[in-house]
Structure formats: C-alpha cells, structure tokens
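The values are calculated or read from the model by the stated rules, or taken from the named source; none is laboratory data. Remember, predicted model here, so these are calculated numbers, not experimental data. Here the Cβ positions follow ideal geometry from the backbone for every residue, glycine too, while neighbour counts run over all protein chains shown.
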Amino acid sequence: MRCPFCGHLEDKVVDSRESREGDSIRRRRECLSCTRRFTSYERVEEVPLVILKKDGRREPFDRQKLMKGLLLACQKRPVSLARIEELVADVHARLMERPDREIRSRELGELVMDELKALDQVAYVRFASVYRDFKDLPDFVKALEGLMHKEAHKEAVERGGAMAAPEPAKPISPALFPGEAEAPVLRTRRK
C-alpha cells in the first residue's frame with residue numbers, strides 16, 4: 001500500500017477491524033519510512049450495479065449521490081447522519097440481493113421513498129418532490145393526501161378497527177351557480 005504522505009510502498013498493519021455490515025475491513029497502517037499512520041478499506045470486488053435512467057442512459061450506482069440526495073431531503077429534520085447512512089446501506093444491500101445488476105431509476109427511487117416514508121414524512125415529501133418532478137401545487141397535494149390516507153389507515157388498524165370507506169363526493173347543485181333559475185337571491189339591507 002502506497003503511503004499517502006511520502007509515497008513509500010512498505011507499511012505495517014497496526015489494527016484490523018471488520019465493519020458492522022461485514023462488507024469491508026478497515027485497516028490502520030503505519031508507514032515504515034515516515035512512521036505516519038493512515039487507514040485503508042478493503043471490500044470484495046463486485047459486479048457493479050448499473051442504473052438505467054429514464055432517457056435510456058446507463059450510469060453506475062453511486063452511494064455518494066444517493067447520500068447527497070437524502071442529506072438534502074433530511075436537511076433541518078430530526079434524522080441523524082448515522083440513520084441516513086444506514087438507509088443507504090439498506091437500499092444498497094437490497095439492490096445487491098437482486099439477480100440482475102441493471103436497475104431502473106424508477107425502481108430505485110420507489111425503494112428509497114418507501115424507506116424514507118418510514119423514517120421521516122417531511123423528508124419523504126421533499127425527496128418525492130424532486131424525484132417525481134412535481135410541477136405545481138396539485139402534485140404536492142396529491143402526494144400529501146396519499147400520505148395522510150395511509151397514516152389514517154395505519155392508525156385505524158392499530159386501534160383494532162377497519163377504516164371506513166371514504167364518502168363519495170357530493171354532486172354540486174345547479175342552484176349554487178348565479179344566473180340559474182333556482183339560484184338563491186341574496187338581499188342586503190341598506191342603512
């Protein structure tokens with residue numbers, strides 16, 4: 001291993017530890033020339049994951065890019081960095097379990113949003129707004145309504161009862177439109 005400080009090629013391993021996930025080994029090394037210490041990580045070489053974008057491009061899966069997006073979504077939210085790193089590791093592990101190494105970006109986004117929804121709902125809406133490219137307020141409202149409906153259903157199930165079916169929308173009476181024969185007449189008093 002080349003020393004990052006002096007470039008010398010010989011060193012000794014001072015300490016080795018396996019990561020919590022068991023997917024890498026962290027080694028503390030000491031250069032035999034300048035005696036400075038540095039850390040190296042060893043990972044098993046894998047067939048890389050490839051993300052198939054909407055426009056047909058292919059790009060390698062980038063943990064740092066996913067981490068950056070989640071950090072932005074969780075900005076000023078009560079979500080620890082450790083929890084975000086854990087979420088990224090979980091998503092990566094689930095992708096690695098798949099037999100195919102090519103994943104559509106839509107599948108990746110949905111997987112991340114499912115994980116994020118359970119972690120922090122505001123961060124979920126932020127991430128979804130960028131991922132789904134919300135154009136206007138109705139897109140936000142639709143996402144929030146879906147989130148609120150699922151939350152209400154979850155609470156009903158926890159209470160032990162089934163959630164009542166939503167009431168159908170009531171038709172608008174033609175009498176509510178001015179100019180119609182049945183429209184009510186509004187009268188005001190003069191002082």
Region 20-48 residues that are in contact (Cβ under 8 Å) with a residue 60 or more places away in the chain, paired with ones that are surrounded by fewer than 14 Cβ atoms within 10 Å (Cβ to Cβ) (beta carbon under 9 Å, 6 or more apart): Glu21/Ala93
Spans of strands (runs of 3 or more DSSP E) in region 31-135 with at least 3 residues within 11 Å of the chain's Cα centre (by Cα), modelled with pLDDT of 90 or more and under 30 Å from Pro4 (Cα atoms): none
Some residue of region 64-78 being surrounded by 14 or more Cβ atoms within 10 Å (Cβ to Cβ) and touching a strand residue (DSSP E or B) at 6+ places or on another chain (Cβ under 8 Å): no
Test: Gly7 is small (Gly, Ala, Ser) and either closer than 24 Å to Asp90 by Cα or within 26 Å of the chain's Cα centre (by Cα) (or both): no
Near pairs, Cβ below 6 angstrom, 6+ apart or cross-chain, from region 52-74 (assigned by TED's automatic domain parsing to the domain that holds Gly109) to any residue that is part of a loop (DSSP other than H, G, I, E, B) and surrounded by fewer than 11 Cβ atoms within 10 Å (Cβ to Cβ): Pro60/Pro48
